[in-house]
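The values are calculated or read from the model by the stated rules, or taken from the named source; none is laboratory data. All values reported here derive from a predicted model rather than from experimental measurement. Cβ atoms come from the backbone with ideal geometry, glycine included; neighbour counts cover every protein chain shown.
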Amino acid sequence: MQKIIKIGTRSSKLALWQANLVAKNIQEIEGLEIKTEIVKIDSLGDIDLEKPLHQLGITGVFTKSLDTALLKGDIDIAVHSMKDVPTVLPEKIVQAAVLKRAGSLDVLIPKEENNEEFLYQKEAIIATGSLRRKAQWLHQYPSHTIVNLRGNVNTRMQKLHDSNWNGAIFAQAGLHRVKLLPKNHIKLNWMIPAPAQGVVMITALEGDEETLKICKHLNHTETQVCSHIERQFLNTLEGGCTAPIGALAYIKDMKIVFKGALFSLDGKKKIEVDKTCYMVDHKELGKQCAEDILSRGGTRLIAEISGKEPTVNMLSTKQLALSQTDLFSDEIGFKMSDFIAVKFNRLKPSIVKNTIKNVVITSKNGVEALLQNFSPIELNFENIYCVGRRTKRLIEKKIGKVTHVENSAQELAKFIVKMKLNEVTYFCGSMKRDEFSTILNENDIAVNEIEAYRTVLNERKFDDKFDGVLFYSPSGVISFINENQPNDAIAFCIGQTTANEAKKHFEKIEIATMPTIESVIKLVNQYYNK
């Protein structure tokens, strides 16, 4: 039976153009005979509208409809303009592919042909529904007036035609796709586009391996790399649709060139970053550039945009995902910075040449280090013992079945002693948990320690006064203390081992009930909501 891919899309002219492009590309995959069906989805269906949008991780009702259709099995893939998709996708939905970027530029469409005189005049009226475009236009032309412009591409073009405005701002790619780009358009090369502007994104269910394999044929690697950097920048700044944020990455001479900026709503304030790196170093580029902006006043600017003054100020010694920062209570303000970095070591092939009977992995970093060096098929482990539920999930997803899991290295050591094992192979970090090996050695169990990764201290000095500091490892405490004073801050710790290190420097310690980042955040909320 011939495979049929149901493609979900909105019914606007631009959305249908994008869906039909995806359909055409699927049908042209060499060696495969696949039929496609376009499914228009604009209804909200049975979405629970009582839930706030930020809890669903979705910014628009149409995106919610497409996600719901995917989860219900009504469609196999959904096609989006990537710039409209939240940086954190709903659970069970993944990015299946991105098409080659059509272009990222914003363009100005003057109402009257060949009339650009207003660009040099003090007063003019420009239309846009984008906070980013509004802020950048006012930064360039502070005396101009901005009016709101909403609707699909066709509707907005008609509104411009019927108005007394001087012009309106659009994405060049969108107008070009639906053949509405007039000859008199003005390219705004100075305007930084929205993250992933001009990129078509395909989403699918995480477990639908057949569909994901098909979509892989459509993926454009260069666009994927650049859009990842731009969206990582947006995610770290936590702008979403509430802050004027621009980002653009492109590849030139085998290097990544990135430019990003955060603006105030009135365009008067601008914090910009430009950075170039080699392709091999691109994975954290967006986050690093966003951190740079945050450290130069970005955190304060975002607080001003939100209009909220936090009553409590926290510092996280690790960059958090958007889904995690959303867990903080509204009255809690926070800054984030990675106080430690992880470097994977190069491991000899002989280490996994033969079957290893008992393997111990105490962190996700240990799992990632193994996968950086070996393919899963090379990791022939008879028994795997690990620390933490998330480490267990990653192991079972990437390597194989976990024999036993505990919440701490100390508890795992006690279990191994109880099982009377003779020997274990411990894939650890440079700052390994000494109590684990000590307990085993004291009970005559041989420990073959293999340093799979190195923890590098990434010290950074803060002049701010924090009410509390969130710590996720002993090395994070050490890195923080090297450049900062605890003052009267409370140390919120992920576990007992981290707390033991914090006790050397902080007078007040709070320990999470579970060794997860979410539990530490929950602990902070509970402490200040007593």
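When each of Thr438, Thr425 is tested for being at negative phi, assigned to a strand (DSSP E or B) and polar (S, T, N, Q), the lone residue that passes is Thr425.
Within segment 508-517, at least one residue is of a type in the set (Gly, Ala, Ser) and either touching a Gly at 6+ places or on another chain (Cβ under 8 Å) or at positive phi (or both). Give me the residue from segment 57-97 that is surrounded by fewer than 22 Cβ atoms within 10 Å (Cβ to Cβ), small (Gly, Ala, Ser) and more than 23 Å from Pro193 (Cα to Cα) and, out of that set, modelled with the lowest pLDDT. Among those that are surrounded by fewer than 22 Cβ atoms within 10 Å (Cβ to Cβ), small (Gly, Ala, Ser) and more than 23 Å from Pro193 (Cα to Cα), it is Ser65. If you go through segment 126-143 one residue at a time, do you hit one that is at pLDDT below 95, surrounded by 15 or more Cβ atoms within 10 Å (Cβ to Cβ) and aromatic (Phe, Trp, Tyr)? No, segment 126-143 contains no residue that is at pLDDT below 95, surrounded by 15 or more Cβ atoms within 10 Å (Cβ to Cβ) and aromatic (Phe, Trp, Tyr).
Of all residues in segment 18-32, those being surrounded by 13 or more Cβ atoms within 10 Å (Cβ to Cβ) and without any contact (Cβ under 8 Å) to a residue 60 or more places away in the chain number 3.
Screening His282 on (1) surrounded by fewer than 19 Cβ atoms within 10 Å (Cβ to Cβ); (2) over 25 Å from Ile305 (Cα atoms); (3) touching a residue at least 40 places away in the same chain (Cβ under 8 Å) shows it passes everything except condition (1). If the condition is being in a loop (DSSP other than H, G, I, E, B) and either surrounded by fewer than 15 Cβ atoms within 10 Å (Cβ to Cβ) or out of contact with any strand residue (DSSP E or B) (no Cβ under 8 Å at 6 or more places or on another chain) (or both), then segment 103-122 contributes Gly103, Glu112, Glu113, Asn114, Asn115, Glu116, Gln121, Lys122.
Filter segment 170-196 down to residues that are assigned to a strand (DSSP E or B) and within 28 Å of the chain's Cα centre (by Cα) and give me whichever is surrounded by the most Cβ atoms within 10 Å (Cβ to Cβ). The qualifying residue surrounded by the most Cβ atoms within 10 Å (Cβ to Cβ) is Phe170. In segment 512-521 there is at least one residue that is touching a helix residue (DSSP H, G or I) at 6+ places or on another chain (Cβ under 8 Å), surrounded by fewer than 16 Cβ atoms within 10 Å (Cβ to Cβ) and outside any loop (DSSP other than H, G, I, E, B).
Within segment 498-511, the set of residues being part of a helix (DSSP H, G or I) and either aliphatic (A, V, I, L, M) or buried (at least 19 other Cβ atoms within 10 Å of the Cβ) (or both) comprises Thr498, Ala499, Glu501, Ala502.
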